[in-house]
Amino acid sequence: AAYLKKYSKHDVEILDAGVEKLGYEGIKKAVKERDPDVVGIYASCFTIYDSYQAVKASKEAKDNVRIVLGGPHVDIYPIESLALSEVDFIVMGEGEATLAELLNYLENKGTQLSEIEGIGYKKNGQSFIATRRPYHPSLDALPFPARHLTPFKKYYSLIGKNEISTTIMASRGCPSNCNFCHIPYGRSIRMRSPSNVCDELEECVAMGIKEFFFFDENFTINRKRTIALCEEIVKRGINIYFDVRSRVNTVDEEVCLNLKKAGCERIQFGVESGSPRILEAMNKRISLELVEKTFKIAKRAGLTTYADFMVGYPGETKEDIEMTMELAERLEVGFVQYGITMLFPQTKIYNDALQKGSLKEDFWRNVAKDPTAEVSAPLASESFNKEELEEMLRTAYSRFYFRPRYIFRRLLSVNSLLEFKRQAGAGLHVMRKTLRLH
């Protein structure tokens, strides 16, 4: 949206159907009222059902509206996505420049359709997939997100301090090669300059936003640049709170102290397992010794830690999962999140499952061909069923969050009524998740 506002003369609006709680009928009504020429819809693999329902609702509202489908699902399954009868165009990869050129074409301006990189289109009953557009070489050249087009005052963090929160990305890509992960922005890392990031932070502060979640795959991947960004925040006197995602092998004491000084409240690590054997199978390239050392460093620096763990990885046993639960308790983490390992496309464990025959069919390709039923991703585990894994999650959450020592520590860390309400809400959410998993 921001790119179109800056580099074209098209009118642009954003409809966040989720935060506005619209549902499919609400989407249909909004499309009728706004009467757009083009509707662009984002699709990931695990939301493709909802995305496709939004596609159909838009077409039902206005039969001659052009539908453009984009997002990582489309990037993985371009042929299947374009084959959906209601979809007119697809955008693969980073969509800023691609969508601008496509809209210019639709207004009979600029590049011919066949010359636009990164799109798919239909002509005379045939489908055409263009060559992929290279990644943006300079992220600093992109405009800041058009937050003013969203109901930005309705976004907040469940464990945050302020009434308004937003996400921000200071880089794209991830060079790590974990076997369960697909990175839509590629394996090479592209970073924005500290000055550019701080300009965006200042723009947000002027809008009343003071809390941020840096959604980079690994915010601290470049030590020198991380410190320089923190120093720039301090130098400009930008008074904010923020969370970052990181890896335990990319931080040290100086990095953590600089993060804290710049306003970092929480640092989130993808630990995933407490079993050395499973960590090796995941290709995490970290050790339990490094995990424990890094969490201690972060705690000494005054950062609250947040750890992600997985259960049900291929080949994982009950003993491995028990080691994960024990590690979570031993680390004195501020917050944990457990997830059941699922098979997602373009990951090594998905391809391995197909090759071995433990996954009998190309599940996600079939979903891409016919996304008409709500999707439940296939389990990665060959040893446990869904009910057994959900019971393990209930046990893991109970053991971690319902410890008297943990509850007492969290109460001591709360600094405001708003923060107490948010964390109490988070606690109730975990309790419901513990008592009944869906």
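The values are calculated or read from the model by the stated rules, or taken from the named source; none is laboratory data. Given the structure is predicted, the values throughout are model-derived calculations rather than measurements. Reconstructed Cβ throughout: ideal geometry from the backbone, glycine too, with neighbour counts over all protein chains shown. All accessible areas refer to the heavy atoms of the entire protein, side chains included, with ligands and DNA or RNA removed. Shrake-Rupley method; radii C 1.70, N 1.55, O 1.52, S 1.80 Å.
Points to keep in mind about this one:
- Assuming charge only on the beta carbon of Lys and Arg (+1) and of Asp and Glu (-1), the dipole of the chain about its Cα centre is about 960 debye to the nearest 20.
- Gyration tensor verdict on the range 1-114 (Cα atoms; rounded if a/c is under 1.5, prolate if a/b is larger than b/c, oblate otherwise): oblate
- Cα centroid separation - the range 370-398 against the range 116-193, whole Å: 28 Å
- Taking all protein chains together, 195, 171 sort by accessible area into 195, 171, largest first [probe 1.4 Å].
- Think of a 1.4 Å ball rolled over the protein heavy atoms: the range 21-101 then has 43 Å² of accessible area per residue.
- Whole-number accessible area per residue in Å² for the range 303-409, which is evaluated in the context of all protein chains at 1.4 Å: 48 Å²
- Whether the range 277-422 is rounded, prolate or oblate, judged on the alpha carbon gyration tensor where a/c under 1.5 counts as rounded: prolate
- In the range 1-100, trypsin sites (Lys or Arg not before Pro) in a DSSP loop with at most 11 other beta-carbon atoms within 10 Å: 9, 21
- Residues of the range 133-290: accessible area per residue with a 1.4 Å probe, Å²: 43 Å²
- Among the listed pairs 260/293; 318/356; 6/284; 21/261; 29/369, a Cα-Cα separation exceeding 29 Å is found for 6/284; 21/261.
- Between residue 398 and residue 293, the distance separating the two model label sites (each 7 Å from Cα on the Cα→Cβ line) works out to 3.7 nm.
- Sparse packing (at most 15 other Cβ atoms within 10 Å of the Cβ) combined with a DSSP loop state is found for the following trypsin sites (Lys or Arg not before Pro) in the range 149-241: 187.
- In the range 56-133, chymotrypsin sites (Phe, Trp or Tyr not before Pro) in a DSSP loop with at most 16 other beta-carbon atoms within 10 Å: none
- Only aspartates and glutamates eight or more places from residue 153 in sequence, or on another chain, were considered; those with a Cα closer than 16 Å are 16, 20, 163, 203, 211.
- Of all accessible heavy-atom area on the chain, the percent that carbon and sulfur account for (1.4 Å): 51 percent
- Among (i) 169, 56, 39; (ii) 65, 56, 38; (iii) 67, 54, 43, the entry derived from the coordinates for Cα extents along the principal axes in Å: (ii)
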